[in-house]
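Q: My structure is below; once you've seen it, I'll send some questions.
The values are calculated or read from the model by the stated rules, or taken from the named source; none is laboratory data. Small disclaimer: the values here were computed from a predicted structure and weren't measured. Quick reminder, even Gly has a Cβ in these numbers, built from the backbone with ideal geometry, and neighbours come from all protein chains shown. Keep in mind that these areas ignore ligands, DNA and RNA; they rest on the heavy atoms of the full protein, side chains included. Shrake-Rupley method; radii C 1.70, N 1.55, O 1.52, S 1.80 Å.
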Amino acid sequence: MKKVSETKTKLKSKDLLGIRELEKDEIELILDTALSFKEVSKRTIKKVPALRGRTIVNLFLEPSTRTRTSFELAGKRLSADTVNFSAKSSALAKGESLKDTAETLEAMNADLVVMRHSASGSSHFLARTTHLSVVNAGDGSHEHPTQALLDLFTIQEKVGSLEGLKIAIVGDISHSRVARSNILAMNKMGAEVKVVGPPTLLPAEIEMMGAQVDYDLDDSIEWADVLYMLRIQLERQEESLFPSIREYAALFGLNKERIMRAKKDVLIMHPGPMNRGVEIASDVADLPQTLITEQVANGVAVRMAVLYLLLGGAEIV
Ligand code: NCD
């Protein structure tokens, strides 16, 4: 089995808060490490003792099943003890501040907190107030670094390298932490990124992050090597930013007709949960070049790598 290279540096920070803070060699280290853990996930006994005796707290203060389960499985497969706090069951629902919650977890000698929170910047705040390692599992519309890392891993697995690859991220960019983390991550790995959506869903600052902007999906269909579809986040929209779901689907939904004009080997991705028939047609979601299931599977391996590298676990066996 491939050993994690001794010569490469470990992650420089105690935390993983965003892709912005990661250097390219750190991203590569995470992706290489994830490759070893992917092999572990295919075994009958999917467990290594690397983090035995370490405690990981999943603090999910926003609804989430997929990301929380993925982190929980990742921790368990590394033999860590994992504890789940959800918004309803935690003392935060009773008015406790994030700082006090962090102190409580520190007093219990936890080692690492995985946090999802509706406020942008909340994981930076938590990381500054505690000695524990903090992993950002999505903070408002700011960043969702492990999603971007698993997306990089999935693309690399299919095409080898992101260098020069043309990637269109389509949909609700304004509300999307996945888009922000992915633009940064894909750029760092040498890809060319374009965001596509209605002007009301494309924030002005996005070009400064290094993405080209396009308001017409049909312009980008033939250009793209990867079509990355985002969920329309109806729960985050305070005002209506497009006339109707039906109109959105007609202009920006990925359907069979559009796919017919795309490159033959175009890759289709979506972070989930998807709205079938809105941003992606049901028959497109089930095409062989649609990588949604691979993204989920790779998510566990990538999160194992992140937890392992932050907690400096023993050698993988
Ligand atoms: C994403 C999120 O929560 O930011 N989903 C996820 O992590 N499973 C994207 C989304 O909610 O659309």
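Q: Please give the peptides 128-138, 144-154 ranked by average Cβ packing (other Cβ atoms within 10 Å per residue), highest first, as a rough proxy for protection.
A: 144-154, 128-138
Q: Specify the angular offset, from 0 to 90 degrees and rounded to the nearest 10, of the alpha carbon long axis of helix 24-41 from the longest principal axis of the alpha carbons in the chain.
A: That helix lies at roughly 80 degrees to the long axis.
Q: If you don't mind, there's one more thing I want to ask. Can you pick out the pairs among Lys158/Lys263; Lys12/Lys38; Lys10/Lys188; Lys76/Lys188; Lys24/Lys158 whose Cα atoms lie more than 25 Å from each other?
A: Lys76/Lys188
Q: 222 nm [θ] for the chain, helices only, -39500 (n - 2.57) per DSSP H run of 4+, per residue, to 500?
A: For the chain, the value works out to -11000 deg cm²/dmol.
Q: Amide H to amide H, which residues 5 or more places from Ala137 or on other chains are under 5 Å from it, using H placed in the peptide plane?
A: Met115, Arg116
Q: Right, here's the next one. Taking θ = phi - 60°, what integer Hz values does the Karplus form 6.51 cos²θ - 1.76 cosθ + 1.60 yield along region 217-226, in sequence order, with x for Gly and Pro?
A: For region 217-226, the Karplus curve yields 4, 4, 5, 9, 4, 7, 6, 7, 8, 10 Hz.
Q: Can you tell me the alpha carbon radius of gyration of the chain divided by the globular rule-of-thumb value 2.2 N^0.38 Å?
A: Relative to the rule-of-thumb radius for its length, the chain sits at 0.99.
Q: On to the next question. At a threshold of 8 angstrom on Cα-Cα distance, excluding pairs fewer than six apart, so keeping six or more, what relative contact order does region 33-186 reach in percent?
A: Normalised by residue count, the contact order of region 33-186 is 18 percent.
Q: While we're here: Compute the accessible area per residue over region 136-223, keeping the other protein chains in place, probe 1.4 Å, unit Å².
A: 30 Å²
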